[in-house]
Amino acid sequence: MSWVYGHIVSLRNLMFDMGILKTRTFDVPVISVGNITVGGSGKTPHVEYLIRLLKKDFKVAVLSRGYKRKSKGFILADESSTVSDIGDEPYQMKRKFREVAVAVDKDRCHGIDMLDECGVKPEVVLLDDAFQHRYVKPGINILLVDYHRLITYDKILPAGRLREPKEGKNRADVVIVTKCPKEMKPIDYRVITKAMNLYPYQQLFFTTIQYGGLKPIFNGALLETEELANRNVLLLTGIASPMQMIHDLSPQCGHLQPLSFSDHHHFNGKNVQQINETFAIMEGPKCIVTTEKDATRLEDLEGLSDEVKASIYTLPIAIQFLQEQEETFNNLIINYVRKNSRNSILAQRKDENEPKDSHRTGNGSRTISFRNY
């Protein structure tokens, strides 16, 4: 089955490469963040990093598919949008960055067009989870690879977790190895760099997870992670890969008990009863820790006991670059956006209309580069 699936995906990629399936470029800078594996590789924290990097100087829009939302078509999120309308990850980003336009559309080309038509007119578009959505040609294509399951050692679905053959990484301009240990040894970097076997035009970065202070979902005060040392913790997650959180939090807790559900899980009455009962039988000082993404689906959930509501916290997650690579990455992104902004392109087109500055190819057509970085 993996062989059949792999050949179908390879045929689809070939059709894009040959121009049978069409790819569109846009006159606004587009940055795609995605992966070629099923399961979590840290897309949302990396998109949020890009938002923080760009929002002070540029009008940013985030366009997502809105996985498991109950709506259809293009939706531009506003203050009244719900998780059911736009999905948990876009909802999380809109709540954290209210000044940023967040939209959902399964058809990313249509979504980018609609961002202009509805008046947003962004100066940069961030595509969330769009590495396989080849109908859009991004200016920078960022591929995320989980440190704990490198694509070079993985297999095609269903034997492994790859959505497409590992050669798909060749489409990436930037590859980021995510969820790395904070104290990686030089030999680890060399081994991974060799294993990834990237082309000279591709840049490789390494990031690790950085946790913030615990925030109550319903009420109460902030809780620092150091305060978990004397508490028993129920780690409640509905994400693809909870093992990293289990690994990171276990040494900081008196005792950690995981209660894991599937990715983007919609909690029901049976789950509520399980959460209440599991927490009730835990002894000693205790609390519940969950993710920001799960919190979007828990906050309106009916039936949670008062004890649970008074003890449940979200654990914010951010990313941190290793090997002092942050400045290099930031400059790469900012320079691309500046050089490919609409104003820059319009100025370039104006200059090319001037006879003295025009550059023509052998057949007399003008050439304009939209991919300067």
Largest to smallest accessible area among Lys96, Lys215, Lys43, Lys194 [probe 1.4 Å]: Lys194, Lys215, Lys96, Lys43
With every protein chain in place, what's the accessible area of Thr25 (1.4 Å probe, Å², nearest 10)? 90 Å²
Using a 1.4 angstrom probe on the protein heavy atoms only, line up Leu259, Leu14 by accessible area, largest first. Leu14, Leu259
Solvent-accessible ranking of His266, His247, largest area first, probe 1.4 Å: His247, His266
Karplus-derived HN-Hα couplings along region 158-166 (A = 6.51, B = -1.76, C = 1.60, θ = phi - 60°), whole Hz, x at Gly and Pro: x, 5, x, 10, 6, 7, 8, x, 4
Among chymotrypsin sites (Phe, Trp or Tyr not before Pro) in region 184-285, those in a DSSP loop whose Cβ has at most 12 other Cβ atoms within 10 Å are Tyr201
Share of carbon and sulfur in the accessible heavy-atom surface of the chain [1.4 Å probe, %]: 51 percent
So how many Lys-Lys pairs in region 1-151 land under 12 Å Cα to Cα, not counting same-chain pairs under 8 apart? 4
Candidates per GluC sites (Glu not before Pro) in region 135-236, loop by DSSP, up to 16 other Cβ within 10 Å: Glu183, Glu224
Mind listing the Cα extents of the chain along all three principal axes, in Å, largest one first? 79, 47, 42
Quickly work out the Lys70-to-Asn330 label distance, labels modelled 7 Å from Cα along the C-beta direction, and quote it in nm with one decimal. 4.2 nm
Given a Förster radius of 30 Å and the C-beta distance between Tyr153 and Ala280 as r, what FRET efficiency does 1/(1 + (r/R0)^6) yield to the nearest 0.05? 0.10
Most positive-pole-ward Cα, Ile334, Ala280, Gly238, against dipole of the chain from beta carbon charges: Ile334
Of Thr296, Gln202, Phe16, whose Cα points farthest to the positive end of the dipole of the chain (charges on the beta-carbon: +1 Lys, Arg; -1 Asp, Glu; origin at the Cα centre)? Phe16
Taking a quarter of the surface of the convex hull around the Cα atoms of region 58-154, what do you get in nm²? 7.3 nm²
Give the calculated FRET efficiency between Val38 and Tyr201 to the nearest 0.05, with a Förster radius of 25 Å applied to their Cβ-Cβ distance. 0.40
Volume per residue, Å³, of the convex hull around the alpha-carbon atoms of region 141-272? 159 Å³
Using a 1.4 Å probe and ignoring any ligands, DNA or RNA, find the accessible area of Asp116 and quote it in Å² to the nearest 10. 40 Å²
Straight-line reach check, Lys185, cutoff 23 Å on alpha carbons, 8 or more apart in-chain or any other chain, hits among lysines -> Lys194
How big is the dipole moment of region 263-313 about its Cα centre under a simple scheme where the beta carbon of each Lys and Arg is +1, that of each Asp and Glu is -1, and everything else is neutral? Debye, nearest 20, please. 80 debye
Tyr147: accessible area at probe 1.4 Å, nearest 10 Å²? 60 Å²
Might you report the magnitude of the Cβ-based charge dipole of the chain about its Cα centre, with Lys and Arg at +1 and Asp and Glu at -1, to the nearest 20 debye? 1380 debye
With the Cα gyration tensor of region 202-346 in hand, convert its eigenvalues to equivalent ellipsoid semi-axes via √(5λ) and list them largest first in whole Å. 36, 19, 14
Over all Cα pairs of region 137-186, the Kirkwood radius sets Rh, and Rg/Rh then becomes 1.02
In debye to the nearest 20, the charge dipole size for region 17-153, taken about the Cα centre with +1 at each Lys and Arg Cβ and -1 at each Asp and Glu Cβ, equals 240 debye
Cα-based Kirkwood hydrodynamic radius, region 102-193, one decimal, Å: 15.6 Å
1/(1 + (r/R0)^6) with r = Cβ-Cβ of Ala221 and Met243, R0 = 35 Å, i.e. FRET efficiency to nearest 0.05, evaluates to 0.75
Share of Cα-Cα pairs in region 1-131 lying beyond 22 Å, as whole percent: 39 percent
Just from its helices, what would the mean residue ellipticity at 222 nm be for the chain, if runs of 4 or more DSSP H residues each count -39500 (n - 2.57) and the sum is divided by every residue, rounded to the nearest 500 deg cm²/dmol? -9000 deg cm²/dmol
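The values are calculated or read from the model by the stated rules, or taken from the named source; none is laboratory data. Predicted, not measured: the structure shown is a model, and the values here were computed from it. Counting neighbours? That spans all protein chains shown, and the Cβs are built from the backbone with ideal geometry, glycine included. To get the accessible areas, we keep the full protein, side chains included, count just its heavy atoms, and leave off ligands, DNA and RNA. Shrake-Rupley method; radii C 1.70, N 1.55, O 1.52, S 1.80 Å.
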